[in-house]
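Taking it in order: structure first as structure tokens, then the write-up.
The values are calculated or read from the model by the stated rules, or taken from the named source; none is laboratory data. The model shown is predicted, which means the values in this text are computed figures rather than measured ones. Glycine also receives a Cβ, built like all others from the backbone with ideal geometry; neighbour counts cover every protein chain displayed. With ligands, DNA and RNA removed, areas are computed over all heavy atoms of the protein, side chains included. Shrake-Rupley method; radii C 1.70, N 1.55, O 1.52, S 1.80 Å.
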Amino acid sequence: MSKKGRVFSGARPTGRQHLGNYLGAIRNYVTMQSQYDCVYCVVDLHALTTMETTRDLKQNTFEMAPDWLAAGIDPKESIVFVQSHVPQVTELYTILSMVSSLGKLTDLPTFKDKVRLQPNNVNLGLVGYPVLMTADIVLYKANFVPVGIDQAPHIEYARETVRSFNYRYNSTALIEPEMVVTTVPKVLGTDGQRKMGKSENNHIELALTPEETQKVVMTMVTDPQRLRRADPGNPDVCNVFSMHKTFSSPEEVEMINTECRRAGIGCVDCKKIYAKNLNANLAPFRERRAAFESNPGAIWDILHDGARRAREIAEATMVEVRAAVGLPE
Ligand code: TYM
């Protein structure tokens with residue numbers, strides 16, 4: 001390892017990446033590359049836990065790469081790969097299951113959330129989701145994990161599992177990872193209430209066209225107390241205003257802050273400005289993305305090369321893990 005340590009993160013290929021993924025995680029994936037050895041994974045096995053059909057799985061797995069590369073992930077510098085291409089992760093998942101408490105797993109807020117979203121498909125994979133995630137991280141001996149705040153219970157779970165494993169097998173093979181968050185660790189969806197996410201259908205995909213973006217932005221919920229154009233609004237409780245802070249100039253943010261409070265600007269105009277600025281910010285990303293997407297062969301080469309590099313690290317860790325557990329050679 002040449003740099004200050006290793007970084008691992010992953011995302012489920014449930015569709016194209018959205019603003020929540022970008023502001024909460026991808027921005028850190030990109031900036032951390034200069035200081036750390038970074039490993040970024042499209043977690044297709046995790047995605048299976050919530051899928052009724054795998055019809056779109058391959059396409060969605062593919063689509064993740066242009067999103068990441070266009071955002072600035074350099075596949076020469078970092079390893080970018082598909083989870084199922086490194087089978088060692090499922091071996092480690094099985095081994096870690098033996099030091100995983102079922103009670104703790106079913107108590108996790110993230111598990112309860114999934115039960116709420118898919119009450120008729122509470123499968124074992126869903127319960128073991130954080131164990132597979134722990135396997136992802138520790139297989140690469142990652143020191144840092146850039147994620148949105150929603151993943152905090154999973155990272156804490158990973159840390160506990162590492163301690164349990166090292167204690168049970170009197171080992172130092174596994175490393176406790178630390179979570180790293182951005183300045184916007186929880187991006188709200190267009191409903192202004194829940195975390196932005198595909199499963200909530202309140203998301204804004206990065207790769208939408210400017211027209212599509214404007215259409216979705218116009219559906220965003222603003223200050224719920226502001227019912228009429230003439231009512232003064234409260235930017236402090238308005239999600240559109242929060243998003244302006246990320247994509248609009250400080251002068252525009254100040255103008256909206258002042259004018260909204262005295263009904264000088266309406267929500268429709270405020271959202272139009274936001275859509276315009278969001279589109280302007282995303283234009284270079286979209287251009288780069290289109291170029292990557294038009295060359296699927298090159299994308300699969302990047303993913304296969306990443307898997308080859310990832311497998312080398314993974315197998316080295318597994319040699320230590322198998323020895324620590326006492327599995328026969
Ligand atoms: P996933 O696919 O739900 O999301 C990918 C990344 O985007 C972040 N994120 C958000 N951040 C802020 N606001 C939001 N509205 C928002 N929505 C998503 C997520 O926190 C995440 O960082 N369990 C993970 C995938 C995973 C993983 C791992 C992550 C599997 N193994 C190992 C880190 C390390 C997940 O479902 O992310």
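A straight Cα-to-Cα reach below 16 Å connects residue 141 with the aspartates and glutamates 37, 91, 156, 160, 176, 178, 312, 315, 320, residues fewer than 8 places away in its own chain not being considered. Could you pull out the pairs from 195/276; 195/245; 58/198; 58/186; 3/76 whose alpha carbons sit more than 26 Å apart here? Pairs exceeding 26 Å: 58/186.
Using a probe radius of 1.4 angstrom, the carbon and sulfur fraction of the accessible surface of the chain is 53%. Taking every DSSP beta bridge with both residues inside the chain, roughly what % is antiparallel (nearest 5)? Counting DSSP beta bridges with both partners in the chain, the antiparallel share is about 10 percent. Kindly provide the pair-distance distribution of the stretch 1-157 built from C-alpha pairs, with 5 Å bins from 0 and whole-percent values in order of increasing distance. With 5 Å bins starting at 0, P(r) equals 2, 9, 18, 21, 23, 16, 8, 3, 1, 0.
In this structure, residue 252 and residue 221 have a Cβ-Cβ separation that, at R0 = 25 Å, corresponds to a calculated FRET efficiency of about 0.75. When the Gaussian network model of the chain links Cα atoms closer than 10 Å, the mean-square fluctuations of 283, 298, 207 top out at 298. Taking the three principal axes of the alpha carbon atoms in the stretch 265-329, the coordinate ranges are 70, 31, 11 Å, sorted in descending order. Less than 5 angstrom separates the built amide H of residue 82 from those of 42, 307, all sequence-distant by 5 or more or on a different chain. Against the main long axis of the alpha-carbon atoms of the chain, helix 152-168 sits at an angle near 10°. Return the FRET efficiency for the residue pair residue 3, residue 183: r is the Cβ-Cβ distance, R0 is 22 Å, and the value is rounded to the nearest 0.05. Computed FRET efficiency for residue 3 and residue 183 comes out at 0.45. Over the Cα atoms of the stretch 210-290, each weighted equally, I'd like the Debye log10 I(q)/I(0) at q = 0.13, 0.24 Å⁻¹, rounded to two decimals. Listed by q, the Debye log ratios stand at -0.39, -1.13. With the Kirkwood sum run over all distinct C-alpha pairs, the chain has a hydrodynamic radius of 21.2 Å.
Ordering 283, 22, 217 by Cα displacement along the dipole of the chain toward the positive end leaves 217 in first place; charges were set at the Cβ atoms of Lys, Arg (+1) and Asp, Glu (-1).
Ranking 61, 264, 98 by Cα position along the charge dipole of the chain, where only Lys, Arg, Asp and Glu carry charges on their C-beta atoms, puts 264 farthest toward the positive end. Debye-formula intensities of the stretch 261-303, expressed as log10 I(q)/I(0) at q = 0.19, 0.25, 0.29, 0.35 Å⁻¹, are -0.67, -0.84, -0.93, -1.06 (one equal scatterer per alpha-carbon, no solvent). The alpha-carbon of residue 271 sits under 14 angstrom from the alpha-carbons of these aspartates and glutamates, leaving out residues fewer than 8 places away in its chain: 191, 211, 212, 223, 252, 259. In the context of the full protein assembly, residue 168 retains an accessible surface of approximately 130 Å², using a probe radius of 1.4 Å and ignoring ligands and nucleic acids. In this Cβ point-charge picture (+1 for Lys and Arg, -1 for Asp and Glu), the chain has a dipole of about 440 debye about its Cα centre.
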